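To keep things clear, I will list the structure first and then write my remarks on it.
The values are calculated or read from the model by the stated rules, or taken from the named source; none is laboratory data. Because the structure is a prediction, the values reported are computed rather than measured. Positions of Cβ are generated from backbone atoms using ideal geometry, with glycine treated the same way; all protein chains shown enter the neighbour counts.
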Amino acid sequence: MGRYVLRRLLQMIPVFVGATMLIFLMVNVMGDPVAGLCGEQSCDPATAAQLKREFGLDKPLWQQYVTYMGNVFTGDFGTAFNGQPVTELMATAFPVTIRLTIVAVFFEIVIGITLGVVTGLRRGRPVDSGVLLATLVVISVPTFVTGLLLQLLLGIRWHWIRPSVRYGTFDELIVPGLVLASVSLAYVTRLTRTSIAENKRSDYVRTAIAKGLPRHRVVTRHLLRNSLIPVVTFIGTDIGALMGGAIVTERIFNIHGVGYQLYQGILRQNTQTVVGFVTVLVLVFLVANLLVDLLYAVLDPRIRYA
Amino acid sequence: MRGFAHVRWAAGAVATALAITSCGGGWGWGGGGGNGGAVLSSSWGDPQNPLEPANTNEVQGGKVLDMIFRGLKKYDPRTGRAQDWLARSIVTRDSRHFTVRIKDGWTFSDGERITARSFVDAWNYGASLRNNQKNAYFFGYIDGYDQVHPDSGTQRADTLSGLKVLDDRTFTVTLNQKFSGFPDTLGYVAFAPLPRVFFTDHAAWVRKPVGNGPYAIASYTKGAQMYLRKWDGYPGPDSARNDGVTLLVYTDSNTAYTDLLAGNLDLVDDIPAAQLKNVGGDLGGRYINSPAGIIQTIAFPYYDKAWNRPGAEKVRTGLSMAINRRQITDTIFRKTRTPATDWTSPVLGADGGFKPGLCGAACDYDPARAKKLIEDGGGIPGGRLRITYNADSGSHKEWIDAVCNSINNALGNDKACVGNPVGTFADFRNRIGQHKMTGPFRAGWQMDYPLIQNFLQPLYYTGASSNDGKWSNGDFDRLVDRANAETRPATSVAVFQQAEKVVRDNMAAIPLWYQNGSAGYSDRLSDVALNPFSVPVYNEIKVG
Amino acid sequence: MPEQPYEPERAIAGTGMGGAMDLGASEAATLEPAPTAPQVTGPAGKPRSLWSDAWRDLRRNPVFLLSALVILFLVFISLWPSAIASGSPLTCDLAKAQDGPAPGAPFGYDGQGCNVYTRTVYGARTSVTVGLCATLGVVLFGSVLGGLAGYYGGVWDSVLSRLTDIFFAIPVVLGGLVLLSVVTSNTVWPVIGFMVLLGWPQISRIARGSVITAKQNDYVQAARALGASDSRILLRHIAPNAVAPVIVVATIALGTYIALEATLSYLGVGLKPPSVSWGIDISAASPYVRNAPHALLWPSGALALTVLAFIMLGDAVRDALDPKLR
């Protein structure tokens, strides 16, 4: 087990190099970022050349990458175009995004799995159809609209929440977290439902019932535990998407988080910002996936890692 | 809206929370303790560049600089007319050599006296290639610019030879060409004076800029907020009528608008287009919609033969006549745009060169004539018109689609015109810079200073910095040169208008509409107005 | 109904050869009477497979029939939109912007004054194609790669899992701006290709997880002990038991791909005008939901109907593949 974890940690190195190189290349392929810096006109050629020199954009790509990685290992992630160090940007963006992700994942686990169990046990009943309907709404109505309507209703009509996030505390992030989690909730609910429905008739559950175990014990200990693997896998893959892809949610609720900064960095083609943020995100994916794989073994003792 | 009962509570909460976070030293929103009293909060966007005056070329950074700097001239927030501010006088006999005398008694907010040197040093800094200032080209009229900012190679001088300090209160400016409007450009923020600390401790200055305007920056958290306190020692007549302004960075203008409705914000100076239909019901009378010095046009690639051939002007004029401007400004923009009938802006006023109707029939919607003109001119090159725009900002898609639908309806072909989005603004600019446009593209121009010259020369003069379509016309260039050399303002404006008629006859660019500034505010505020640059006139706002 | 493919599993269970088997499995074998097998062959005399059983089941399932009907209808209007909608989706009159229903325009008009009904009908072709093809591509790629990684483990698994990690790292916006902005073709295929490229890692991980669980089952161990080939084990024993999560994720993803197409268009790198799709209309109508909810309602409703049809289809297929539910 310990060796397995160690091996997985070592595998992070090639992924880290591969991902940063890929992102570095992609941002550079987008073209010349300096053109977008002078407003609705062309920068005069001398200033443009000078800016390129300052950002190191006049060097060959491989040299830029090597210099950049060298700096990264000394903790210098470069500066954004507005002169702000990327580390500073990350220090403000990541904490709030991590909190937002925690809220979203919490909702996915609590609401998603609960609804999944209920609908899985009561397939075809009204509650199942009701949840299916909600799922359809969540999938086909854009987050933008859900967020906007919740803001108007809860924030302005009923005064339950502040419509925008200012300090990024957990209580401010409840509604944004719910909006962010909505589509994933649909996945988690249906995944749980299907697994539950499938395992409900399996032999070990029948046995457990036959042994006279109380219903809730059968559900939580036997049924749920064995149904969770797809759900855990999904949530594991979702964490990265929630952290880096919350562009719409973060914009609507005024959260200056990772998704928003990453989006701005990409639009302005700021290599340093984009690669810096993605680098940290890659590490998050790697750790999340490692945890998921370890959870497999916890949920299903037959799975062992050597 | 009931929400406004909560404003006072919210302001108190903000102040308290700010105080708490500044003590706790938090990770993002810190700073700005103790800004109680008549302080208003206003929506803001993250400035794209460090807040140096000669490096700020967008409205969000400009908003701050407008509060913390005053220059030789100031543009009247209502008329846009340039008035002497720090300048006691700016005199010239030949429109080339200017003598500037500055008023006594002005200081920076850190106490330093403002002298002729404060200006000359600042301008030299702004012009110097070494400092990467994006507005450096503003100093391009000054003698010696080609030495400190050569088009290629290294600079051969550090200071502009055209600037000479005579004494503490006087300096002279020599231009490399005649430009009678030059003094009127000096209200632009790039020409602001700079304190010594800007040069001696630049990093500290950029973290918390020091200027000479009615406000001083009390705290600044990049990417989050800035608190500007009224500067009590401000010597000018336009001192602040409130105690301060908190600028809050919003990720989206719609969020700012929602916060305004909820009573968490006092002023939003960018109402999202989608909410314009609701402002009446949401805000009642607390909504302003006033002209700004911005014009939207459609430009053409003249480096593409198809658009530069004889007869193509008929196609361009036909396209102009196929656009139902009134309907689009009413429906899509809800009257926050006004159909354009010339190539300038109403904020110039009649004396400044604005001439409604100069475009004549070429800007009137007339589908039948439009169709005929386009056919006479040989039809749309390539059979289909693709109007290129950048998709990442400004929600251009809506009006481009509306323009295309209008053209399509006029031509009776629902695929004659389509929008052609480009992913990023940088990519859009790249394509323009590298002459890769194959069809018309959107062009917007926000004036730097309220002069007719600024609406014509940078956009249509041969080789000018914002002449994106590379239009070139000898008659136009000659008229502009003549107008610039003219010392009498009225004559100068008249000659510029002649030049504008050349633009019209060739339909160098299709004028679409004049853009307004729009803003909404809470019931705590009064005397809210937008200046011709669509920036709120903060110092005049009263709170409570 | 006799359950031919599960015969080996039960046989093994009965003989107690599955070493790692849990209590449930063996008890089930004793609790349930072992299936008598008078009908090990189908009507045509050929051995009946799980898949043909499933198909027989499906044909009698009303949920399946209903969803198939809806999908057929969607395919029909995708192919012949003019059959039920007159006029062109591109003919728009700004004077009618945001107007409500009118004769010839039962769903009203959108912000540009286009006929919402016509656009919704004409949008089906693009949206259904994008949703269906992207989902198929993602499922094929993802489940094959993920399944193999989960089944074989070891180096295969490491390489593939780390590859998915790298793909997860690419932000959709960046990927779209880089990969799609160079495309000049204005068909749906680059968009679909892009979705497959960025979408497969998710299905791959789901499939991998399912296969890892499924391969621990006794009947798989048994089949292996009996010398079944890898492909036989994967296809006949693991796939039917691992497919449920993939179906669930795929049916929901189908809807999100249709919406993603709009995101890409919004970024200026997706389908370019004059394309018509539900996604484009949904994203155009979204900001105006306060004033013209009808312009959002209908394309969203069409998207919901499509997703519903595929979710029901997926459910029916999954049920048909699960012998325990019979």
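Residues B:G24, B:G80, B:G3, B:G31: which one is modelled with pLDDT under 90, more than 19 Å from the chain's Cα centre (by Cα) and more than 11 Å from every other protein chain (Cβ to nearest Cβ)? Before the answer, list the steps.
On the way: B:G24 fails: more than 11 Å from every other protein chain (Cβ to nearest Cβ); B:G80 fails: more than 19 Å from the chain's Cα centre (by Cα); B:G3 fails: more than 11 Å from every other protein chain (Cβ to nearest Cβ).
That would be B:G31, the only listed residue that is modelled with pLDDT under 90, more than 19 Å from the chain's Cα centre (by Cα) and more than 11 Å from every other protein chain (Cβ to nearest Cβ).
Pull up region A:103-146, narrow it to residues that are closer than 24 Å to C:L260 by Cβ and of a type in the set (S, T, N, Q), then point me to the one that is surrounded by the most Cβ atoms within 10 Å (Cβ to Cβ).
A:T135
Does any residue of region C:269-277 turn out to be over 17 Å from C:T126 (Cα atoms), more than 7 Å from every other protein chain (Cβ to nearest Cβ), touching a residue at least 40 places away in the same chain (Cβ under 8 Å) and not basic (K, R)?
no
Within region C:96-111, which residues are in contact with a Ser or Thr (Cβ under 9 Å, 6 or more places away or on another chain) and on the phi < 0 side of the Ramachandran plot?
At the first step, the residues of region C:96-111 found to be in contact with a Ser or Thr (Cβ under 9 Å, 6 or more places away or on another chain) are C:97-98, C:104-105, C:107, C:111.
Listed by number, the residues that qualify are C:A97, C:A105, C:F107, C:G111.
List the pairs whose first member sits in region B:353-364 and is free of Cβ contacts under 8 Å to residues at least 60 places away in the same chain, whose second member is buried (at least 17 other Cβ atoms within 10 Å of the Cβ), and whose Cβ atoms are under 6 Å apart, counting only residues at least 6 apart or on separate chains?
Taking only residues 6 or more apart or on different chains, the pairs are B:P356/B:T341; B:G357/B:T341.
Under 6 Å between Cβ atoms, which residue pairs at least 6 apart in sequence (or on different chains) link something in region C:282-307 that is more than 9 Å from chain B (Cβ to nearest Cβ) with a partner that is aromatic (F, W, Y)?
C:S283/C:Y266; C:W298/C:F107; C:P299/C:W278; C:A302/C:W278; C:L303/C:W278
When you look at A:A93, is it without any contact (Cβ under 8 Å) to a residue 60 or more places away in the chain, crowded, with 18+ Cβ neighbours inside 10 Å and part of a helix (DSSP H, G or I), yes or no? Can you show your working first?
Details: without any contact (Cβ under 8 Å) to a residue 60 or more places away in the chain: no; crowded, with 18+ Cβ neighbours inside 10 Å: yes; part of a helix (DSSP H, G or I): yes.
It is false that A:A93 is without any contact (Cβ under 8 Å) to a residue 60 or more places away in the chain, crowded, with 18+ Cβ neighbours inside 10 Å and part of a helix (DSSP H, G or I).
Filtering region A:243-258 down to residues that are crowded, with 24+ Cβ neighbours inside 10 Å and under 14 Å from C:A169 (Cβ atoms), which residue is nearest to the other protein chains (Cβ to nearest Cβ)?
Among them, the one singled out is A:G244.
Only one of these is within 11 Å of chain C (Cβ to nearest Cβ) and either assigned to a helix (DSSP H, G or I) or within 30 Å of B:N49 (Cα to Cα) (or both): A:V103, A:V117, A:V127, A:V138. Name it.
Working: A:V103 fails: within 11 Å of chain C (Cβ to nearest Cβ); A:V117 fails: within 11 Å of chain C (Cβ to nearest Cβ); A:V127 fails: within 11 Å of chain C (Cβ to nearest Cβ).
Residue meeting the stated conditions: A:V138.
Return the residue satisfying two criteria in turn: it lies in region B:462-476 and is free of Cβ contacts under 8 Å to residues at least 24 places away in the same chain and not small (G, A, S), and of such residues it is farthest from the other protein chains (Cβ to nearest Cβ).
Residues of region B:462-476 free of Cβ contacts under 8 Å to residues at least 24 places away in the same chain: B:462-464, B:466-467, B:474.
Retained after the next criterion (residues that are not small (G, A, S)): B:462, B:467.
Values: B:T462: 15, B:N467: 9 Å.
Among residues in region B:462-476 that are free of Cβ contacts under 8 Å to residues at least 24 places away in the same chain and not small (G, A, S), the one farthest from the other protein chains (Cβ to nearest Cβ) is B:T462.
Residue by residue through region B:339-357, note down the ones that are closer than 13 Å to B:P291 by Cα and over 18 Å from the mean Cα position of the chain (by Cα).
From region B:339-357, those closer than 13 Å to B:P291 by Cα are B:339-340, B:344-349, B:354; that's our starting set.
Of everything in region B:339-357, just one residue is closer than 13 Å to B:P291 by Cα and over 18 Å from the mean Cα position of the chain (by Cα), namely B:P339.
So, of the residues in region B:42-77 that are in a loop (DSSP other than H, G, I, E, B) and of a type in the set (G, A, S), which turns out to be farthest from the other protein chains (Cβ to nearest Cβ)?
B:G71
Give me a count of the residues in region B:215-225 that are in a loop (DSSP other than H, G, I, E, B) and either touching a strand residue (DSSP E or B) at 6+ places or on another chain (Cβ under 7 Å) or among the hydrophobic types (A, V, I, L, M, F, W, C) (or both). Spell out how you get there, then give the answer.
Going residue by residue through region B:215-225, those that are in a loop (DSSP other than H, G, I, E, B) are B:222-224.
Filter once more, keeping what is either touching a strand residue (DSSP E or B) at 6+ places or on another chain (Cβ under 7 Å) or among the hydrophobic types (A, V, I, L, M, F, W, C) (or both): B:223-224.
Summing the residues that are in a loop (DSSP other than H, G, I, E, B) and either touching a strand residue (DSSP E or B) at 6+ places or on another chain (Cβ under 7 Å) or among the hydrophobic types (A, V, I, L, M, F, W, C) (or both) in region B:215-225 gives 2.
Quick check on region B:528-542: of everything there that is under 17 Å from the mean Cα position of the chain (by Cα) and assigned to a loop (DSSP other than H, G, I, E, B), which residue is farthest from B:A82 (Cα to Cα)?
The selected residue is B:A529.
So B:F191 fits all but one of (1) within 15 Å of B:D66 (Cβ to Cβ); (2) more than 21 Å from the chain's Cα centre (by Cα); what number is the exception?
B:F191 satisfies every listed condition except (2).
If a residue has to be within 19 Å of C:R125 (Cα to Cα) and of a type in the set (F, W, Y) to count, how many in region C:281-325 make the cut?
2
For region A:17-43, give me each residue that is facing chain B (nearest Cβ under 7 Å) and in a helix (DSSP H, G or I).
Those that are facing chain B (nearest Cβ under 7 Å) and in a helix (DSSP H, G or I): A:P33, A:A35, A:G36.
Quick test of your reading of the structure: B:E398 fulfils all but one of (1) at pLDDT 90 or above; (2) in contact with a helix residue (DSSP H, G or I) (Cβ under 6 Å, 6 or more places away or on another chain); (3) surrounded by fewer than 22 Cβ atoms within 10 Å (Cβ to Cβ). Name the failing condition by number.
All conditions pass for B:E398, except number (2).
State the number of residues belonging to region A:259-295 that are farther than 21 Å from A:V183 by Cβ and more than 14 Å from chain B (Cβ to nearest Cβ).
Result for region A:259-295: 15.
Looking at (1) more than 9 Å from chain C (Cβ to nearest Cβ); (2) out of contact with any Pro (no Cβ under 6 Å at 6 or more places or on another chain); (3) on the phi < 0 side of the Ramachandran plot, which is the one condition that is false for A:G168?
A:G168 satisfies all of (1) more than 9 Å from chain C (Cβ to nearest Cβ); (2) out of contact with any Pro (no Cβ under 6 Å at 6 or more places or on another chain); (3) on the phi < 0 side of the Ramachandran plot except (3).
Condition check ((1) facing chain C (nearest Cβ under 9 Å); (2) closer than 21 Å to B:D252 by Cα; (3) at pLDDT below 85; (4) within 29 Å of the chain's Cα centre (by Cα)) across all residues:
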| site | (1), (2), (3), (4) |
| --- | --- |
| A:L153 | no, yes, no, yes |
| A:W158 | no, no, no, no |
| A:L180 | no, yes, no, yes |
| A:T192 | no, no, no, yes |
| A:D203 | yes, no, yes, no |
| A:A210 | yes, no, no, no |
| A:L224 | no, no, no, yes |
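Just to confirm my filter: which helices (runs of 4 or more DSSP H) fall fully inside region C:132-221 and include at least 2 residues that are away from chain A (no Cβ under 13 Å)?
Result: C:189-214.
Listed residues B:T438, B:T491, B:T462; which is out of contact with any Asp or Glu (no Cβ under 8 Å at 6 or more places or on another chain) and of a type in the set (S, T, Y)?
B:T491
Condition test on A:L173, is it at pLDDT 85 or above, more than 7 Å from every other protein chain (Cβ to nearest Cβ), surrounded by fewer than 20 Cβ atoms within 10 Å (Cβ to Cβ) and assigned to a helix (DSSP H, G or I)?
No; evaluated as a whole, the condition is false for this residue.
Can you pull out every residue in region B:256-301 that is of a type in the set (S, T, Y), crowded, with 20+ Cβ neighbours inside 10 Å and away from chain C (no Cβ under 14 Å)?
Hit for region B:256-301 is B:T297, nothing else.
Taking the residues in region A:44-59 that are at the interface with chain B (Cβ under 7 Å from one of its Cβ atoms) and buried (at least 19 other Cβ atoms within 10 Å of the Cβ) as candidates, determine which candidate is nearest to the chain's Cα centre (by Cα). Outline the logic, then answer.
Here is the first cut: in region A:44-59, the ones at the interface with chain B (Cβ under 7 Å from one of its Cβ atoms) are A:44-47, A:50-51, A:54.
Filter once more, so that each one left must be buried (at least 19 other Cβ atoms within 10 Å of the Cβ): A:46-47, A:50-51.
On the way: A:A46: 42, A:T47: 39, A:Q50: 38, A:L51: 34 Å.
The qualifying residue nearest to the chain's Cα centre (by Cα) is A:L51.
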